[in-house]
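S.K.: If you scroll down you'll find the structure; I have some questions about it.
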């Protein structure tokens, strides 16, 4: 689907997956409204893309601010036909060491930010696509990211509930959920960290452009849910079949998988309280280990294939067992 003359909005579009999506939309001819907290990065993007973008400083955890940002974008670029909710926060920390304010800040941005963005989108859109960004961790949580995993689980429930409402209302707005694997973004540079080493995406790692490709596929096909990367298939079906075994496996090595080789003996406060000072870039520091390609599958079709197709079912089962025994 070409977007010549169309308007899109990306919440959390100043870096990481959100910026990769912005670049993909611009490549198709969309004019893109970008929402983010970091004024400096937004200024850089405005200079980089010129009149192809309209930037608005906005904390997506503030529902009124998101509504106001949506109205500004409509006034500047016109009514959007695409809205992508990509903003997130996380902390690499044992739950017992997090205070309530820290947990709530991650939930407010990662979960309520998508709720607020979806609400604002439905108020200004008459047709088109809303895409929420999920994670394989919404099906199989990992230790040391309890707030983020909880928020991603909540996105599944919210999106599923609203999807039924839109169908009931015969809405011309399609709602999609894209479940991502570990992506090489700057979050691992600026996230709050209490581990003894700097965080890393738990391998296998994919480039942000893989995520952007999945978002564009969701827009093109109105897919209900897409699973990205073989690792997400493992998480989804592995948790369905062997949740207890995965609990034990992640208790053994789930924390270590999120640690890089770089020591970080001191507490890193990260970007929970304010935007990090970081360039407007989609990529993090793991380009040498990140794949530029990954499988993208329709979740509903894949579930049917697994349970109705013996060959595919045995393949997925083998992949899952291999992951658990690895």
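S.K.: Please state the shape class of the stretch 207-280: rounded when a/c is under 1.5, otherwise prolate if a/b exceeds b/c and oblate if not, all from the C-alpha gyration tensor.
M.R.: Oblate, because a/c is 1.5 or more while a/b does not exceed b/c.
S.K.: Quick check: pseudo-label points 7 Å beyond the Cα along Cα→Cβ at residue 170 and residue 119, how many nm apart are they?
M.R.: If labels sit at residue 170 and residue 119, their model points lie 2.8 nm apart.
S.K.: Between 74, 210, 22, find the one with the highest GNM mean-square fluctuation for the chain; connect C-alpha pairs within less than 10 Å.
M.R.: Of the options given, 74 has the highest mean-square fluctuation.
S.K.: Which percentage, to the nearest 5, of the DSSP beta bridges contained in the stretch 1-82 is antiparallel?
M.R.: Antiparallel bridges: around 0 percent, rounded to the nearest 5.
S.K.: Rounded to the nearest Å, what's the spacing between the alpha carbon centres of the stretch 218-295 and the stretch 159-204? Just the number, please.
M.R.: 10
S.K.: Would you calculate, for the chain, the mean residue ellipticity at 222 nm contributed by helices, counting each DSSP H stretch of 4 or more residues as -39,500 (n - 2.57) and dividing by all residues, to the nearest 500?
M.R.: Numbers: 12 runs with 148 residues, N = 326.
Helices in the chain give a 222 nm mean residue ellipticity of -14000 deg cm²/dmol.
S.K.: Please work out how much length the chain gains when fully extended from residue 253 to residue 273, using 0.36 nm per residue of separation minus the C-alpha to C-alpha distance, in nm with one decimal.
M.R.: 4.2 nm
S.K.: A follow-up question, please. Would you work out if the stretch 27-83 is rounded, prolate or oblate? Take a ≥ b ≥ c from the square roots of the eigenvalues of the alpha-carbon gyration tensor; rounded if a/c is under 1.5, else prolate when a/b is larger than b/c, oblate otherwise.
M.R.: Oblate, since a/c reaches 1.5 and b/c is not below a/b.
S.K.: Could you tell me what percent of the DSSP beta bridges with both partners in the chain are antiparallel, to the nearest 5?
M.R.: Details: 6 of 42 bridges.
Rounded to the nearest five, the antiparallel share is 15 percent.
Since every read-out is calculated from the coordinates, none of them should be taken as a lab result. Remember, predicted model here, so these are calculated numbers, not experimental data. Glycine gets a Cβ as well: all are built from the backbone with ideal geometry, and neighbour counts include every protein chain shown.
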